[in-house]
Amino acid sequence: MAPEEQSAEFFGFFEVGGRTSSFIGPAIFGFLAAELAIYYGNQGLAPLAAEQTGIRVAVISIVFFLVVGLALFMFVRPRKHEAALEAN
């Protein structure tokens with residue numbers, strides 16, 4: 001879908017997005033898991049149960065990112081872009 005004369009530029013954006021997501025996803029997951037384990041531990045759960053519950057809830061953040069990505073992906077119209085490329 002990228003114009004041929006700008007393929008390197010588009011690949012650069014793709015690479016920056018990949019590098020950023022490889023940092024942000026695990027950082028958010030780890031932060032949520034740790035904070036939720038502390039929260040559930042303060043609520044009276046045993047330490048192991050609090051940690052397991054925190055991890056389970058943190059998995060929801062990953063599911064959230066996947067759903068948001070899928071929703072954004074639904075707005076991509078490849079045929080429209082292909083027709084624009086063929087016109088050039």
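So, ILE24, is that one under 22 Å from PHE64 (Cβ atoms), modelled with pLDDT of 95 or more and part of a helix (DSSP H, G or I) or not? In short, no. Look at (1) under 30 Å from ARG77 (Cβ atoms); (2) at pLDDT 90 or above and you find that SER7 fails only one, number (2). For ILE38, are the conditions met, namely being surrounded by 11 or more Cβ atoms within 10 Å (Cβ to Cβ), part of a helix (DSSP H, G or I), at negative phi and modelled with pLDDT of 95 or more? Yes. Annotation for the stretch 28-35: no member residue is free of Cβ contacts under 8 Å to residues at least 40 places away in the same chain, among the aromatic types (Phe, Trp, Tyr), within 30 Å of PRO78 (Cβ to Cβ) and surrounded by 10 or more Cβ atoms within 10 Å (Cβ to Cβ). Evaluated against (1) modelled with pLDDT under 90; (2) surrounded by 13 or more Cβ atoms within 10 Å (Cβ to Cβ); (3) closer than 26 Å to GLY25 by Cβ, HIS81 falls short on exactly one condition, (3).
The values are calculated or read from the model by the stated rules, or taken from the named source; none is laboratory data. On a predicted model such as this, the values are computed, not experimentally measured, just so you know. All Cβ positions, glycine included, derive from the backbone under ideal geometry; neighbour counts span all protein chains shown.
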